[in-house]
Amino acid sequence: MKKITTITIIAGLLGILLALQYRAYQKVESFVLRSQPQNILAELRVFQLANQELRAHLQAEEKSLEEVSSKINNASLEDEIKHLKLLSGEEAVKGEGIEITLSEPVEDFWISDLTAQLASAGAEAVAVNDIRLTMDTAGFRDITGGFILGHLFLRPPLRITVIGPKQQLHQAIAQNGGIIDRMEHTHPNLQILLSQREKITIPAIAR
Amino acid sequence: MKLRLVDIFFIVIGLAVGAILSLQVRSHPIASGSFSLDQLEVKKTLLETFSIEQVELKKKLALVEAKKAEAQKIIEGRSSRQTLEILDHLKALTGLNGVQGQGIRITLSDNPAVSRLDFSALNENFVQATDLRDLVNALFAKEAKAIAVNGKRIEPLTPIQSVFDSILIGNLQIAPPFVVDAVGSSSALQEAVHALRQKKIQVSVEVVSNLKIVPIEALRILQYLSLANP
């Protein structure tokens, strides 16, 4: 009787240890899944691309400076206004890109991680259920059964439309171990549809 | 015989408990790097090269942008009031204007118990890019009118990414401590910080009555975007 009690206590302890170990592993896994760089080269590539973009930016600014300097006599701001209209969300925009559909809501951080990934891959405009992300509308919050974006409640499916280099955008998120893989791994019931499109249209923001 | 079987079972359970405890104690935290020294050296060298290149590029860019701003001012001085109003409105929508007002300053620092110099790529004690991303998202959700990280204005499509132990905001590398300024209702914005307080990093929040946030340094280059109804 005494031995059975001892064995029960030891088995109980063992169970507690295993449960603790499993919970600690799960906690670490969720942290690692979100933060883990895919590999060293991928990380270096990010830095290299950032510098490439800076170089491209410098060239574009030098060209723009030349244009602006030549326009001093014409006093024209048309180009700048056109550029700002494209960025502001005041007008509907179009271009090649990708479309991602999520069948059910996910935690808000997945959407901001996805947006960051798309932005670093060259996204020029992003919209969720046709609401373009701008200074006025940004900020996701997951609540039961959907999402809050700005002042709007969005129900699943969530349709994320992105204008930018479609192949690069697709590659950036669909690679093995990439964000789509990780989202699917953590949400077994989630279905993600990803497609490249020749033309994506994002409506103007209703202000 | 029956007694012996129980003894053997007892010993096996004891050994299993011992083995698990031993593995648990001996296991290394996930945070420690697993790269070989060679890879670490190459990584450090490349990072240094990229960082130096970035500083040079940033200097050149600042110079060109200053010249361009000067030329723009001359053009604006000669433009009609209506055109300038449209321009100001669009600049405000795209973050090209300075924003001033009440807000909060959040400072995120690594846990003092760790050092970034040890090149651990993953560590909950370090401020991660994901922490900054979550904070910026939460601040926007709390209707921040403008946000800046280490003095650099952020817009919703500004990528915040980790590169080894550094963090890139857009294309520029920043180092801790990370100072996040947000203009808006200070009480609402403070709610955005709650989630970070559960982490192992240091978080301090200060209400500032008159925060100034600079305009976005430069607009994104657009190659794929065009007006749907020109």
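The values are calculated or read from the model by the stated rules, or taken from the named source; none is laboratory data. None of the values given here were measured: they were computed from a predicted structure. Note that we place each Cβ from the backbone using ideal geometry, even for glycine, and neighbour counts take in every protein chain shown.
Summary of values
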quantity	calculated
Every residue from the stretch B:42-99 that is surrounded by 14 or more Cβ atoms within 10 Å (Cβ to Cβ), under 27 Å from A:Ala204 (Cα atoms) and in contact (Cβ under 8 Å) with a residue 24 or more places away in the chain	B:Lys91, B:Thr94, B:Gly95, B:Leu96, B:Asn97, B:Val99
Which numbered condition B:Val180 fails, given (1) buried (at least 21 other Cβ atoms within 10 Å of the Cβ); (2) within 11 Å of another protein chain (Cβ to nearest Cβ)	(2)
Among (1) crowded, with 18+ Cβ neighbours inside 10 Å; (2) within 13 Å of another protein chain (Cβ to nearest Cβ); (3) farther than 19 Å from B:Ile160 by Cα, the one test that A:Gln167 misses	(1)
Residues of the stretch A:81-104 that turn out to be buried (at least 21 other Cβ atoms within 10 Å of the Cβ), free of Cβ contacts under 8 Å to residues at least 60 places away in the same chain and either part of a loop (DSSP other than H, G, I, E, B) or not aliphatic (A, V, I, L, M) (or both), as a count	1
Residue check for B:Leu84: more than 30 Å from the chain's Cα centre (by Cα) and within 29 Å of B:Gly184 (Cβ to Cβ)	yes
Qualifying positions in the stretch A:132-159 - within 13 Å of the chain's Cα centre (by Cα) and either free of Cβ contacts under 8 Å to residues at least 24 places away in the same chain or surrounded by fewer than 20 Cβ atoms within 10 Å (Cβ to Cβ) (or both)	A:Leu133, A:Ala138, A:Gly139, A:Arg159
Residues of the stretch A:170-186 satisfying the condition of being closer than 17 Å to A:Ile160 by Cβ and either in a helix (DSSP H, G or I) or in contact with a Leu (Cβ under 9 Å, 6 or more places away or on another chain) (or both)	A:His170, A:Gln171, A:Ala172, A:Ile173, A:Ala174, A:Ile179, A:Ile180, A:Asp181, A:Arg182, A:Met183, A:Glu184
Candidate set from the stretch B:159-173 (those that are buried (at least 24 other Cβ atoms within 10 Å of the Cβ) and more than 7 Å from chain A (Cβ to nearest Cβ)); member that is modelled with the lowest pLDDT	B:Gly170
Cβ pairs under 7 Å, 6+ apart, first in the stretch B:148-168 and at negative phi, second aromatic (Phe, Trp, Tyr) and assigned to a strand (DSSP E or B)	B:Val149/B:Phe178
